[in-house]
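Mind looking over this structure? Questions follow.
The values are calculated or read from the model by the stated rules, or taken from the named source; none is laboratory data. Being a predicted model, the structure only gives us computed values, none of them experimental. We place every Cβ from the backbone using ideal geometry, glycine too, and count neighbours over all the protein chains shown. The area values use the complete protein model at the heavy-atom level, side chains included, leaving out ligands, DNA and RNA. Shrake-Rupley method; radii C 1.70, N 1.55, O 1.52, S 1.80 Å.
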Amino acid sequence: MESLRAKFTTAFRSERLIYRAIDMQDIPLAARMLWDPINQGFGDPTLYTPISGTVGSVMVQKGLEASLLAVLICLPNPQAQKDPLPGLPGNNLRVAQESAIPIGSLMLGKPTAPKTDHWRWTRMGLGIAEEYQGNGYGKEAVNWALDWAFEFAGMHRVELTTASYNDRAISMYKSLGFKEEGRKRETIYMDRRWWDMVEFGILEGEWEVLRGKNPGQSGGQRFVQGGI
């Protein structure tokens, strides 16, 4: 189908960003971006201690092993865009991925209990390098990941959590259609204050409404998957 061909050639791109798999050699880079002091404080509300490069890399490696999807969020390399391969959109995407400039990472985790695979849910986590924050790249990447989860992976729900002091993240999640589903009140201690852990989720049907799709449709015949 031509519609699928077109979708495959643009599946790992969004308006400004490119997404590629995290290779083993990328793990130290991903760790540095995720565990800089700003990302660590807002993204990981556990005890705030220095994270060494080795420990950060081990944590990224464990995340990869437990992930349904793990990608580097990248900006296109302007030079690669100047020299496209004529008539070869798939190869052009590969060239663009290989030369792209990493600015963050995103993962969708697998359910930890095998007997819940058929529930078709995943938990999202992401981080954007500090120098690239404030440009809407995180919002664009989350929006792309939702499309991937519901169109390609057959998920029924995507969920995530954040600390109540992470105002920017909460505002972004709500703007993308996530619903606040609950709070663990005063469960996080940071900077001499108690904060809530906030749970967010978005369902397949809610995403379909946002994208203007008919219920049970994803650009054509529905993709049904009994598990991950």
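Using a 10 Å Cβ count of at most 14 others and DSSP loop calls, identify the longest part of the chain lacking such trypsin sites (Lys or Arg not before Pro).
Between the exposed loop sites, the longest stretch runs 17-191.
In percent, what relative contact order does region 88-214 have, based on Cα pairs under 8 Å that are 6 or more apart in sequence?
With pairs under 8 Å counted, the relative contact order is 19 percent.
If I compute solvent accessible area with a 1.4 Å probe over the protein chains, what percent of it on the chain is carbon and sulfur?
Whole-percent figure for carbon plus sulfur exposure: 55.
Using only helices, what value at 222 nm comes out for the chain when you add -39,500 (n - 2.57) per DSSP H run of length 4 or more and divide by the total residues, to the nearest 500 deg cm²/dmol?
-10500 deg cm²/dmol
Sticking with this one: Only bridges whose two residues both fall in the chain count here: according to DSSP, what percent of them are antiparallel, nearest 5?
Bridges in the chain that DSSP calls antiparallel: roughly 90 percent.
Give me the accessible area per residue for the chain, probe 1.4 Å, as a whole number in Å².
With the other protein chains kept in place, the chain gives 56 Å² per residue.
In whole Hz, what ³J(HN,Hα) sequence does region 32-46 give by Karplus (6.51, -1.76, 1.60; θ = phi - 60°), x for Gly and Pro?
For region 32-46, the Karplus curve yields 5, 6, 6, 10, 5, x, 6, 4, 4, x, 8, x, 9, x, 6 Hz.
Further question on the same structure: Based on alpha-carbon atoms only, what is the radius of gyration of the chain relative to the globular estimate 2.2 N^0.38 Å?
Working it through for the chain, the quotient is 1.05.
Total Lys pairs in the chain closer than 25 Å by alpha-carbon, pairs eight or more apart in sequence or interchain only?
Lysine pair count for the chain: 18.
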